[in-house]
Amino acid sequence: MPNPRDVPTRLLFSWRSVSPEVTAVITTHVRPLHVHEALTSLRAETFKEIEIIVVDDGGAFAASGIELDSEERIVSGESLGVARARNLGLAAARGEFIIFLDDDDVALPHRIVTLLGAARQSGATFCFGLTRRIVAGTPMSLASVPTHLASSGGVGFCDVLTCAPHINAVLVRTDALRAVGGFDEQASHFDDWSAWLRLADQGTTMWNVNDVVAEWRLHASGLSAEILTIRAMKARLIALLDRLEPYLSPGNAHAVAMARRIVLANEIITYDDYVNVVAPARDVLHSVSRRLNFRPSNSMASHT
């Protein structure tokens, strides 16, 4: 993970004597029009005491002429990929908690207020809400993610294994995310899901809020569309599970191996296909994970 002192930054931030409670990171790659909407939505959140960092992965944001406020700053990347861009934001963050927004996402006004309130009330390190999926340029929408988690409350490893929270609806303690190595830069997809599962494997207290707090705009040119076009979802899921398994506690590693067998036995074209075949087995996965001795394993921090 990069050292904050090594991050190339153009500082536009009026440093406070006290660290901010929340750092909000927007990652963008050559989509200045989209990132402007994301940034506007972040500025409109009702929680105002935040540090805003834009990770410009490729230089298009800097060239776009979009002006930042005095308490916002930009971190420059060189087309490093989304996981590395997120890690740059994580390394530069000063907040107790951190929350992310991709350039095709929109934060709803109550997002941080809702998730931070849940974190404070529950004592959780990791809180997440629902993300509404919108097909850009159409009135169409898909079911909000994560699906199959119907009520608010505490969740564990197998819940996150069966239903991945979208990154724009996750609030996590910055130090905890750093401690597991941040986002997996070797992963071709699901670098955020990998981080959530490594956090869960360490026994992190996690809390689900049954409220839509953000929107994910699905574009024809986006990564998710590309995965569908080349029918690569199943291979990407197998790659995620294979990479995770050696670093997990015995019970959770066994649950991942079971999920892998379910994926191999079914036709998986979309993320929803995965959830629909794995979520019904969640109780069995929980039982297997609990039955085996739980021992927090070494994180992937030294392996990524």
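Points to keep in mind about this one:
- Distances between every pair of Cα atoms in segment 4-288, grouped in 5 Å steps from 0 to the bin holding the largest one, split as 1, 6, 13, 17, 20, 18, 13, 8, 4, 1, 0, 0 percent.
- Put simply, the amide H of residue 75, placed in the peptide plane, has neighbours under 5 Å in 54, 55, 56, leaving out anything fewer than 5 places away on its chain.
- Distant-in-sequence amide H partners of residue 207 (H built 1.01 Å from N, under 5 Å): 126, 127, 128, 155
- Two-site FRET efficiency, residue 232 against residue 141, from Cβ-Cβ distance with R₀ of 22 Å, rounded to 0.05: 0.40
- The stretch between residue 176 and residue 36 holds 47.5 nm of extra length on full extension. This uses 0.36 nm per residue minus the Cα-Cα distance.
- Karplus-derived HN-Hα couplings along segment 106-114 (A = 6.51, B = -1.76, C = 1.60, θ = phi - 60°), whole Hz, x at Gly and Pro: 9, 7, 7, x, 9, 4, 5, 4, 5
- Taking the fewest neighbouring Cβ atoms within 10 Å as the starting point, the ordered list for 206, 233, 140 is 140, 233, 206.
- Per-peptide packing, taken as the mean over residues of other Cβ atoms within 10 Å, places 186-197, 261-272 in the sequence 186-197, 261-272 from highest down.
Bear in mind these aren't lab numbers, they're just calculated from the coordinates by the rules spelled out. Predicted model only: the values in this text are computed from it and were never measured. Note that each Cβ is placed from the backbone with ideal geometry, even for glycine, and that neighbours are counted across all protein chains shown.
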